[in-house]
Amino acid sequence: MDIASVIGLIAAFGLILVAILIAPGSSLAAFIDAPSILVVCGGAVAACMMAFPLKTVLGSPMALKVVFLNKPTDVTALIKEIVSLAETARRDGLLALEGRIAEISNAFIVLGIQMAVDGARPDVIEDLLRTEIDAVATRHRDVKAFYDQMGRFAPAYGMIGTLLGLIIMLGNMSDPSSIGSGMAVALLTTLYGAIVSNCVFLPFAEKLSFLNKQELLVMEIIVRGIMAIQSGENPRVIEQKLRTFLPPAARKKADEEK
Amino acid sequence: MDIASVIGLIAAFGLILVAILIAPGSSLAAFIDAPSILVVCGGAVAACMMAFPLKTVLGSPMALKVVFLNKPTDVTALIKEIVSLAETARRDGLLALEGRIAEISNAFIVLGIQMAVDGARPDVIEDLLRTEIDAVATRHRDVKAFYDQMGRFAPAYGMIGTLLGLIIMLGNMSDPSSIGSGMAVALLTTLYGAIVSNCVFLPFAEKLSFLNKQELLVMEIIVRGIMAIQSGENPRVIEQKLRTFLPPAARKKADEEK
Amino acid sequence: MDIASVIGLIAAFGLILVAILIAPGSSLAAFIDAPSILVVCGGAVAACMMAFPLKTVLGSPMALKVVFLNKPTDVTALIKEIVSLAETARRDGLLALEGRIAEISNAFIVLGIQMAVDGARPDVIEDLLRTEIDAVATRHRDVKAFYDQMGRFAPAYGMIGTLLGLIIMLGNMSDPSSIGSGMAVALLTTLYGAIVSNCVFLPFAEKLSFLNKQELLVMEIIVRGIMAIQSGENPRVIEQKLRTFLPPAARKKADEEK
Amino acid sequence: MDIASVIGLIAAFGLILVAILIAPGSSLAAFIDAPSILVVCGGAVAACMMAFPLKTVLGSPMALKVVFLNKPTDVTALIKEIVSLAETARRDGLLALEGRIAEISNAFIVLGIQMAVDGARPDVIEDLLRTEIDAVATRHRDVKAFYDQMGRFAPAYGMIGTLLGLIIMLGNMSDPSSIGSGMAVALLTTLYGAIVSNCVFLPFAEKLSFLNKQELLVMEIIVRGIMAIQSGENPRVIEQKLRTFLPPAARKKADEEK
Amino acid sequence: MDIASVIGLIAAFGLILVAILIAPGSSLAAFIDAPSILVVCGGAVAACMMAFPLKTVLGSPMALKVVFLNKPTDVTALIKEIVSLAETARRDGLLALEGRIAEISNAFIVLGIQMAVDGARPDVIEDLLRTEIDAVATRHRDVKAFYDQMGRFAPAYGMIGTLLGLIIMLGNMSDPSSIGSGMAVALLTTLYGAIVSNCVFLPFAEKLSFLNKQELLVMEIIVRGIMAIQSGENPRVIEQKLRTFLPPAARKKADEEK
């Protein structure tokens, strides 16, 4: 679980809630207005439906799972696994890898090993694996773009809502005592837009971008590993090469474990 | 039909309409002002006429057809078609493709096959197909730029309209009771600018950009396929190469259909 | 003549004028204030004099001629002309081109043909033509940057003018009845800045950018043509190569004319 | 110590403090409001926790140490050290470098020399050193991104706080005399957001970016030096090559010291 | 002297001064407030001290000398000088250039010729000259970045000052007659920020960027010339090559002078 995302989300909304509750003369009820919520959230979703293909819109909530439940890949273990596969291939031939596919933890490694076992040509294997990486990168980029656009449209619809409220209020100024409350309601949509954008979508878009970079790095390591296995390189050399991707601290730790 | 675009457009305008109708003391009539609409929409169109060549301006409404009526290309079927053409070419020679041109679904494939049949040199074929891709990409980019600029000029002319209204109102403050309604009218153009921009042009510019990327990918697959057919490659190898462009799910499905 | 630029400019200012004239209680006189015009336009020009070399500033009005009087180059005719020159060179030798220089329509073709006739080395010819393209691109980019900056400085000086007006007005609040008119005058500079920027400079900067791309494409075609002529290629092959630059519609039309 | 950072920070806060203290009718107490500070600073931190991995968030205060305590690397001395190592390697062989590792000042040089002594292959050494550079660049970029985002979220939460305050105030307008102080408090969060952003995070993000570029240059020099030592180049040639990285003034000074 | 920079600066401040003086009921004194100037200018400088290394901050005023005193390099004369050096080298050998170093106008040419005379290897000469170009480009870019950031921080501190003023004013509303003048003073810092940014730093940042591009072009010509001299190329060929950098008008003029 991504503790930082959880704590951040709770803290952001918690701070706003506390600020409302401790302010003298304030009540939470004054900050809740269903039509305003509808204009801001509904409007932003509607704009994103126009902007993105239906598949991206429907798949976007799944990204929340990623934001909250991601855990960093153990690159050291990953390299160990690839080296172990390389040893099998070196000792018993590429076909011997078929028997080990069931125990492989990562679907992307399985994809590559399966093709190597099936005797696909190296350039086809690499093409396919890289197309797969591109597809993952594109899908991630689309989801990040969705969160970015939600973070941009929410304040825009917040402003539209406030303009609606102001125009209605200004057209009914016969009762001056209602001006204050009219304007308070009008400002609610701007507030909602700012909160939705800065407490959810913009920060999560950043995190998705970070997680994407991390996953692409892992996939890059796997491609290099599989191509090396396929060409029958020495497992020790493969290990040495793949471990250049490790940060120095992890490299040192891996050395000591040996 | 692109359901998401249709639902999004209806939802965006529907939400704003509902927000106006359910607000106490509000009437739709107060939100309709012909001169304000003219300043915002007319102004944005005028600015775009200065900014773009006439052809792009006149062609821009056609982009709406694309936004609403696009349907994703069936890449699996496309690859099948190219492989089938490759089999004919391999079996009966390039010239035999002439008899199959009538049944080809995609004009871009026809263009390439026709040139191959006419015996054009491979580099001329590839140059021509790639120039065609560039031309499509440029035309799409110009249309997207038009929508982006409309989305930028509409709020700008909305602000110009509001400034006009404010200056007129401030110059006639002898009757203070009219200030409210004067300001309400002045704000209308800002509202129109925000709505036109965020409920139509900015979201559609995004979708056009997405559809463009999709079409360019399809054209890329076709170019690779035609160049491979022209050089007489084995249909099975062509299929294997082109299928690296398929996302893994579609690839698996295509395998099963075999 | 570029009809779109002319209509756009007239429409943008016409709409604003009509909006002022039909508004009840408004007069055009209230919107004209010489010092405000001076601060916005003079300020923007002054800032651009600091930002650009004198030559760019003085040459910038010439760009208006381009914006209004440009007409698209007839690429089909251009290719015909190059192919005809290639035929002469192929039949009678490079030196025979000297007799045809007088009839060439485009100064850039003349430059290239003259060098070829003078026996300059191919790499020197290409270097010189490409340096010329770079020089044109740089000059265009500088002019576009000037229009962009005018479009950015005009609203900035509009804001400076409004701040000046507000501070003067706030310092003289002894007569409250003058507040309205004082603020109206203060807002004039913001209005001017927005109009100057959105009705002239920003749209024209866009059009200049488009015209630049178009001219560079024409120059690219000419360079390729001249290098091919110089190396004595077959005129038919030159035609085939250059026609890959034509959009498909123009290509089909050119085929039919044959 | 980075005097400029220290003076800048003190001056920025000092100027604001002085401006508050010398203003007639003002008191520092009116500018301190714990809940407002909490919303702005807490909110920005919460948003950054959602946006960045926990490690980056926790490590970000360490960047302050870098901002305040950095001192420019003495590139002349660094080159001297590398050349001296090259002389040892040339005279007594690569293995003789082992005895000198203890006296090397820079951990990155040690890393490279150690690998060379251990007999690693040149491409593995270079890969590892460059991966290390990439890792440092990525870590720096993440930290800079953190400061940039803090500089962006702080004003956003400032605006959220002001909207909260305005809505509460507008809902309690029964006592008009409290409007002024209500609005003063509401504006405090906007002020905090602007100060936090412009007096701390945005300037420091810039400086981090500058220090990063400087460190990467030093690492680049070291990689070139180590690869040259490993391949047994002449120490004089190594010196001449590495000194092209020196600015001319430093180069002249180094010449004179000889 | 750069007339445009001087006239622009005088015109920008002159226009603002005139606008203040001719406005009825206005006085220059109302626009001068020492603490406000301190907050805006001092604040922007303080932020830039945090953002840049001390050397860049202290060197930034020197850039004003460049902005006002620059004069365009005479590229035609520069090429003549290089060709004349090439003739000497061709006739009397590289060493003969030593006698001519004293008469060379440009320090960068001296640097290159000195190395050639000293017998440095061509790749070391080119490396060193290009490192020198990079160093100049980096120094220029840092100075431009400083001016850009001053142009960004000045309005930011202007806003901070205005918020300070507003909060003080709103907290002392017991005397309503002072509201106007209080707000006038509060707005002064925003005005200062806008003026400092748009009348000095942003325009000068643009001009510095232009001058940088110009100087880099001159250095590029010199590097090409010196490398050609060093390799003993024919002076006529060198001239022909370098003259491709001249704009066509200057090229024609140079031809006629022959």
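The values are calculated or read from the model by the stated rules, or taken from the named source; none is laboratory data. Computed from a predicted structure; not experimentally measured. Positions of Cβ are generated from backbone atoms using ideal geometry, with glycine treated the same way; all protein chains shown enter the neighbour counts. Remember, those area values only see protein heavy atoms, side chains included, never the ligands or the DNA or RNA. Shrake-Rupley method; radii C 1.70, N 1.55, O 1.52, S 1.80 Å.
Would you call D:MET150 in contact with a helix residue (DSSP H, G or I) (Cβ under 7 Å, 6 or more places away or on another chain), assigned to a helix (DSSP H, G or I) and modelled with pLDDT of 90 or more? Break it down into steps so the answer makes sense when it comes.
Details: in contact with a helix residue (DSSP H, G or I) (Cβ under 7 Å, 6 or more places away or on another chain): yes; assigned to a helix (DSSP H, G or I): yes; modelled with pLDDT of 90 or more: yes.
Spelling it out, D:MET150 is indeed in contact with a helix residue (DSSP H, G or I) (Cβ under 7 Å, 6 or more places away or on another chain), assigned to a helix (DSSP H, G or I) and modelled with pLDDT of 90 or more.
Please state which one of C:ALA12, C:ALA63, C:ALA30 is modelled with pLDDT of 90 or more, outside any loop (DSSP other than H, G, I, E, B) and either under 26 Å from the mean Cα position of the chain (by Cα) or of a type in the set (A, V, I, L, M) (or both).
Details: C:ALA63 fails: modelled with pLDDT of 90 or more; C:ALA30 fails: modelled with pLDDT of 90 or more.
So the residue among C:ALA12, C:ALA63, C:ALA30 that is modelled with pLDDT of 90 or more, outside any loop (DSSP other than H, G, I, E, B) and either under 26 Å from the mean Cα position of the chain (by Cα) or of a type in the set (A, V, I, L, M) (or both) is C:ALA12.
Can you report the number of residues in segment A:117-134 which are surrounded by 14 or more Cβ atoms within 10 Å (Cβ to Cβ) and not in a helix (DSSP H, G or I)?
Residues meeting the conditions: 1.
Which of the residues spanning segment B:63-78 are in contact (Cβ under 8 Å) with a residue 24 or more places away in the chain, open to solvent by 40 Å² or more (accessible area, probe 1.4 Å) and over 29 Å from B:ARG251 (Cβ atoms)?
Correct list: B:LEU64, B:PHE68.
Consider C:VAL40 against the criteria (1) closer than 29 Å to E:ASN198 by Cα; (2) more than 9 Å from every other protein chain (Cβ to nearest Cβ); (3) open to solvent by 10 Å² or more (accessible area, probe 1.4 Å); (4) in contact (Cβ under 8 Å) with a residue 60 or more places away in the chain: it satisfies all of them except one. Which criterion is unmet?
(3) is the only condition that C:VAL40 fails.
Being without any contact (Cβ under 8 Å) to a residue 12 or more places away in the chain and surrounded by fewer than 21 Cβ atoms within 10 Å (Cβ to Cβ) is true for just one of A:ARG224, A:ARG251. Which residue is that? Write out each step before concluding.
Numbers: A:ARG224 fails: without any contact (Cβ under 8 Å) to a residue 12 or more places away in the chain.
Criteria check complete, one pass: A:ARG251.
Scan segment B:183-193 residue by residue and report those that are within 8 Å of chain A (Cβ to nearest Cβ) and either open to solvent by 40 Å² or more (accessible area, probe 1.4 Å) or touching a residue at least 40 places away in the same chain (Cβ under 8 Å) (or both).
In the first step, residues of segment B:183-193 are kept if they are within 8 Å of chain A (Cβ to nearest Cβ); the result is B:183-184, B:187-188, B:190-191.
Listed by number, the residues that qualify are B:MET183, B:ALA184, B:LEU188, B:LEU191.
Has segment A:103-116 got at least one residue that is on the phi > 0 side of the Ramachandran plot, away from chain B (no Cβ under 12 Å) and not in a helix (DSSP H, G or I)? Before the answer, list the steps.
At the first step, the residues of segment A:103-116 found to be on the phi > 0 side of the Ramachandran plot are none.
No: zero hits.
Hey, among the residues in segment E:86-120 that are of a type in the set (S, T, N, Q) and more than 13 Å from E:GLN230 (Cα to Cα), which one's modelled with the highest pLDDT? Steps first, answer last, please.
Looking only at segment E:86-120, we keep the residues that are of a type in the set (S, T, N, Q), and these are E:88, E:105-106, E:114.
In the following step, the residues that additionally are more than 13 Å from E:GLN230 (Cα to Cα) were identified as E:105-106.
Working: E:SER105: 83, E:ASN106: 87.
Filtering first and then ranking leaves E:ASN106.
Evaluate segment E:79-90: report whether one residue or more is among the charged types (D, E, K, R), within 14 Å of chain D (Cβ to nearest Cβ) and either open to solvent by 40 Å² or more (accessible area, probe 1.4 Å) or within 27 Å of D:SER209 (Cβ to Cβ) (or both). Talk me through it step by step, then tell me what you get.
In the first step, residues of segment E:79-90 are kept if they are among the charged types (D, E, K, R); the result is E:80-81, E:87, E:90.
Imposing the further condition that a residue be within 14 Å of chain D (Cβ to nearest Cβ) reduces the set to none.
Checking segment E:79-90: not a single residue is among the charged types (D, E, K, R), within 14 Å of chain D (Cβ to nearest Cβ) and either open to solvent by 40 Å² or more (accessible area, probe 1.4 Å) or within 27 Å of D:SER209 (Cβ to Cβ) (or both).
Can you go through A:PRO24, A:PRO72, A:PRO35 and tell me which one is in a loop (DSSP other than H, G, I, E, B), over 30 Å from A:ARG121 (Cα atoms) and more than 21 Å from the chain's Cα centre (by Cα)?
Numbers: A:PRO72 fails: more than 21 Å from the chain's Cα centre (by Cα); A:PRO35 fails: in a loop (DSSP other than H, G, I, E, B).
Being in a loop (DSSP other than H, G, I, E, B), over 30 Å from A:ARG121 (Cα atoms) and more than 21 Å from the chain's Cα centre (by Cα) holds for just one of A:PRO24, A:PRO72, A:PRO35, which is A:PRO24.
Hey, any hits in segment B:21-28 for a residue that's away from chain A (no Cβ under 14 Å) and out of contact with any strand residue (DSSP E or B) (no Cβ under 8 Å at 6 or more places or on another chain)?
Of segment B:21-28, the ones away from chain A (no Cβ under 14 Å) are none.
Checking segment B:21-28: not a single residue is away from chain A (no Cβ under 14 Å) and out of contact with any strand residue (DSSP E or B) (no Cβ under 8 Å at 6 or more places or on another chain).
Return only the number of the condition from (1) of a type in the set (A, V, I, L, M); (2) crowded, with 17+ Cβ neighbours inside 10 Å; (3) free of Cβ contacts under 8 Å to residues at least 40 places away in the same chain that E:ALA96 does not satisfy.
For E:ALA96, the exception is condition (2).
Being over 22 Å from A:ASP74 (Cβ atoms), open to solvent by less than 10 Å² (accessible area, probe 1.4 Å) and without any contact (Cβ under 8 Å) to a residue 24 or more places away in the chain: is that true of A:GLY180 here? First the steps, then the outcome.
Numbers: over 22 Å from A:ASP74 (Cβ atoms): yes; open to solvent by less than 10 Å² (accessible area, probe 1.4 Å): yes; without any contact (Cβ under 8 Å) to a residue 24 or more places away in the chain: yes.
Against the criterion (over 22 Å from A:ASP74 (Cβ atoms), open to solvent by less than 10 Å² (accessible area, probe 1.4 Å) and without any contact (Cβ under 8 Å) to a residue 24 or more places away in the chain), A:GLY180 qualifies.
Looking only at helices (runs of 4 or more DSSP H) that lie completely in segment E:169-249, which have at least 2 residues being of a type in the set (Gly, Ala, Ser) and more than 17 Å from the chain's Cα centre (by Cα)? Don't jump to the end; show me each part of the working.
Numbers: elements: E:179-196, E:202-230, E:235-243.
Counting at least 2 such residues, we get E:179-196, E:202-230.
How many of the residues in segment E:168-210 are touching a Gly at 6+ places or on another chain (Cβ under 8 Å) and of a type in the set (Ser, Thr, Tyr)?
5
Could you check segment B:145-182 and list, in sequence order, the residues that are of a type in the set (Phe, Trp, Tyr) and either at the interface with chain C (Cβ under 9 Å from one of its Cβ atoms) or at positive phi (or both)?
Filtering segment B:145-182 for residues of a type in the set (Phe, Trp, Tyr) gives B:146-147, B:153, B:157.
Within segment B:145-182, B:PHE153, B:TYR157 meet the criteria.
Please determine, by comparing only the residues of segment E:200-213 that are more than 7 Å from chain C (Cβ to nearest Cβ) and touching a residue at least 40 places away in the same chain (Cβ under 8 Å), which one is most open to solvent (accessible area, probe 1.4 Å). Before the answer, list the steps.
The initial filter retains those residues of segment E:200-213 that are more than 7 Å from chain C (Cβ to nearest Cβ), namely E:200-202, E:205, E:208-209, E:211-213.
When the remaining residues are screened for being touching a residue at least 40 places away in the same chain (Cβ under 8 Å), the result is E:200-202, E:205, E:208-209, E:211-212.
Working: E:VAL200: 30, E:PHE201: 36, E:LEU202: 53, E:ALA205: 0, E:LEU208: 20, E:SER209: 34, E:LEU211: 22, E:ASN212: 27 Å².
Step by step, filter segment E:200-213, then rank; the result is E:LEU202.
Identify the residue in segment B:11-37 that is of a type in the set (A, V, I, L, M, F, W, C), touching a residue at least 12 places away in the same chain (Cβ under 8 Å) and surrounded by 18 or more Cβ atoms within 10 Å (Cβ to Cβ) and, among all such residues, is nearest to A:GLY42 (Cα to Cα).
For segment B:11-37, the residue satisfying everything is B:ALA12.
Given the criteria in a helix (DSSP H, G or I), hydrophobic (A, V, I, L, M, F, W, C) and open to solvent by 20 Å² or more (accessible area, probe 1.4 Å), does E:ILE160 qualify? It would help to see each step written out before you state the result.
Working: in a helix (DSSP H, G or I): yes; hydrophobic (A, V, I, L, M, F, W, C): yes; open to solvent by 20 Å² or more (accessible area, probe 1.4 Å): no.
Answer is no for this residue.
Report whether or not D:ALA135 is facing another protein chain (nearest Cβ under 9 Å), farther than 30 Å from A:ILE20 by Cα and of a type in the set (A, V, I, L, M).
Working: facing another protein chain (nearest Cβ under 9 Å): yes; farther than 30 Å from A:ILE20 by Cα: yes; of a type in the set (A, V, I, L, M): yes.
Considered against the rule, which asks whether it is facing another protein chain (nearest Cβ under 9 Å), farther than 30 Å from A:ILE20 by Cα and of a type in the set (A, V, I, L, M), D:ALA135 comes out as yes.
With respect to B:GLY232, determine if the residue is touching a residue at least 40 places away in the same chain (Cβ under 8 Å), out of contact with any strand residue (DSSP E or B) (no Cβ under 9 Å at 6 or more places or on another chain) and surrounded by 21 or more Cβ atoms within 10 Å (Cβ to Cβ). Steps first, answer last, please.
Numbers: touching a residue at least 40 places away in the same chain (Cβ under 8 Å): yes; out of contact with any strand residue (DSSP E or B) (no Cβ under 9 Å at 6 or more places or on another chain): yes; surrounded by 21 or more Cβ atoms within 10 Å (Cβ to Cβ): no.
No.
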